[in-house]
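J.: Can you read through this structure? Questions will come right after.
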Amino acid sequence: MTNEELKRTLAESSRVFVLTDANVAALWLPELKHWLSCEDASEIIIKPGEENKTLHTAQQIWTKLLRKGADRHSILVNLGGGTVTDMGGFVASCYQRGIRFVNVPTTLLAMVDASIGGKNGIDFGGFKNQIGTFAEPLETLVMPVFLSTLPDRELLSGLAEMIKYGYIADPSMLKIDQNNYEQYLLRAGRIKREIVEQDFTEQGSRKLLNFGHTLGHAFESHSFTKGNPLTHGEAVAIGMWCALWLSVKQCGLPETVLVEYLPKLRMLLSLASPIFDDEDVQNLMSYLVHDKKSRAGEMRWVLLPAVGKPIYDCTVPSDLVQQCVVECIAQMREIVRR
């Protein structure tokens, strides 16, 4: 869909709503409404941050849609990072059994991952994305101009997901760093779309996108309880170290791959201060019980026999996972010391 076609679609809808958070609204909301010729769109502004990706916030948005007369012919434009696009897609796909929505990602992470693929959701009960839907946006607008105001830490968060594609699909993407990432933007989005098109509801090959996310989500969720939250990308970066470590132990991945990942991990965590200790091990293990990738209480992992050759639905003994967590915490301790 071209921009002109999207503008016509918005103009022909009964109502247009723009969902964003307070930070993005201050920077880009008037510009977006001008670019899409929808200056009369109703604004719904929520608090920023993953901690607000909750059922309570969803209820607030539904209430505003209802009070402002949103019907089945309305469109919700989600302007923001992964929290906004996840939340907005979920809200839209549930409201009146589904209204159309458009994603306009403003972070690198959202441009290459969160806003693509039709996964929408909220966090629940202290666990990530426990409630959600599969629903495709009408369109996803990737506009690199938004990256001009992106904080460096959020940029690194997006780089983690781009590097993930290097391990599961295209090894050339392992060359990505802060200086060259823009030349890989289209390739990253294309990789995710190709995988999603083969398996939209994640019954098979789409599971490959979970590389680094199994323990990554555990570290991310637990970091909030410690008052020192990780970004999603930082957590995935840690989770990828764990997945590579397990791949060495379980699948014969050359240990050199794990060693070569360390400089990337230091880069991705360079603006974070992940503080975990041995007392966190059991808490981190407990998150795995509630992970959506588990089957009958047994975790399923994405591992690598070789770079670019991932396999999914791998099982790993729990004692080996626990050893991995202990080793990972020790590795992070070394990174923080430096």
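J.: Go through the residues of region 130-137 one by one and say whether even a single one is outside the structural domain of residue 311 (by TED's automatic domain parsing), over 22 Å from residue 101 (Cα atoms) and of a type outside the set (A, V, I, L, M, F, W, C). Steps first, answer last, please.
T.: Within region 130-137, the subset outside the structural domain of residue 311 (by TED's automatic domain parsing) is 130-137.
The next check asks that each one be over 22 Å from residue 101 (Cα atoms); those that pass are none.
So far as region 130-137 goes, no, none of its residues is outside the structural domain of residue 311 (by TED's automatic domain parsing), over 22 Å from residue 101 (Cα atoms) and of a type outside the set (A, V, I, L, M, F, W, C).
J.: I need the full set of residues from region 1-19 which are among the polar types (S, T, N, Q) and within 26 Å of the chain's Cα centre (by Cα), in order please.
T.: Correct list: 2, 3.
J.: Exactly one of these conditions fails for residue 26: (1) part of a loop (DSSP other than H, G, I, E, B); (2) loosely packed, with under 13 Cβ neighbours inside 10 Å. Give me its number.
T.: Only one criterion is unmet by residue 26, namely (1).
J.: Filter region 137-180 down to the residues that are hydroxyl-bearing (Ser, Thr, Tyr) and touching a strand residue (DSSP E or B) at 6+ places or on another chain (Cβ under 9 Å), then identify the one that is surrounded by the most Cβ atoms within 10 Å (Cβ to Cβ).
T.: If we take residues in region 137-180 being hydroxyl-bearing (Ser, Thr, Tyr) and touching a strand residue (DSSP E or B) at 6+ places or on another chain (Cβ under 9 Å), then 167 is surrounded by the most Cβ atoms within 10 Å (Cβ to Cβ).
J.: On to the next question. Would you point out which residue out of 225, 231 is within 20 Å of residue 129 (Cα to Cα), surrounded by fewer than 16 Cβ atoms within 10 Å (Cβ to Cβ) and under 20 Å from the mean Cα position of the chain (by Cα)? Working first, answer last.
T.: On the way: 231 fails: surrounded by fewer than 16 Cβ atoms within 10 Å (Cβ to Cβ).
Going through 225, 231 in turn, just one is within 20 Å of residue 129 (Cα to Cα), surrounded by fewer than 16 Cβ atoms within 10 Å (Cβ to Cβ) and under 20 Å from the mean Cα position of the chain (by Cα): 225.
J.: Find all pairs meeting these conditions: Cβ atoms under 6 angstrom apart; at least six residues apart or on different chains; first residue within region 89-117 and under 21 Å from residue 72 (Cα atoms); second residue modelled with pLDDT under 95 and surrounded by 24 or more Cβ atoms within 10 Å (Cβ to Cβ).
T.: The qualifying pairs are 103/115.
J.: Mind counting the residues in region 42-92 that are closer than 17 Å to residue 15 by Cβ, part of a helix (DSSP H, G or I) and within 19 Å of the chain's Cα centre (by Cα)?
T.: Number satisfying all stated conditions: 3.
J.: Any residue in region 2-14 that's on the phi < 0 side of the Ramachandran plot and assigned by TED's automatic domain parsing to the domain that holds residue 66: show its pairings with residues that are surrounded by 13 or more Cβ atoms within 10 Å (Cβ to Cβ) and of a type in the set (Gly, Ala, Ser) at Cβ separation under 9 Å, as long as the two are six or more apart or on different chains.
T.: 7/37; 10/37; 10/41; 11/37; 13/74; 14/70; 14/74
J.: Here is a check on your reading of the model: is residue 234 charged (D, E, K, R) and at pLDDT below 95?
T.: For residue 234, the condition - charged (D, E, K, R) and at pLDDT below 95 - is not met.
J.: Applying the selection to region 110-158, what residues are part of a loop (DSSP other than H, G, I, E, B) and over 18 Å from residue 95 (Cβ atoms)?
T.: Passing the criteria: 115, 116, 117, 125, 126, 141, 142, 143, 150, 151.
J.: Sticking with this one: Can you name the residue in region 185-199 that is touching a Ser or Thr at 6+ places or on another chain (Cβ under 9 Å), more than 15 Å from residue 142 (Cβ to Cβ) and free of Cβ contacts under 8 Å to residues at least 24 places away in the same chain and, of all such residues, is surrounded by the most Cβ atoms within 10 Å (Cβ to Cβ)?
T.: Ranking the candidates gives 199 first.
J.: List pairs: first in region 154-183 and under 19 Å from residue 243 (Cα atoms), second in a helix (DSSP H, G or I) and of a type in the set (S, T, N, Q), Cβ under 9 Å, 6+ apart or cross-chain?
T.: Note: pairs meeting the criteria are 166/172.
J.: Could you please let me know if residue 237 is among the small types (Gly, Ala, Ser), in contact with a helix residue (DSSP H, G or I) (Cβ under 6 Å, 6 or more places away or on another chain) and assigned to a helix (DSSP H, G or I)?
T.: So residue 237 fits the description; yes.
The values are calculated or read from the model by the stated rules, or taken from the named source; none is laboratory data. Computed from a predicted model, the values in this text were never measured in an experiment. No Cβ is skipped: glycine too gets one built from the backbone with ideal geometry, and neighbour counts run over all protein chains shown.
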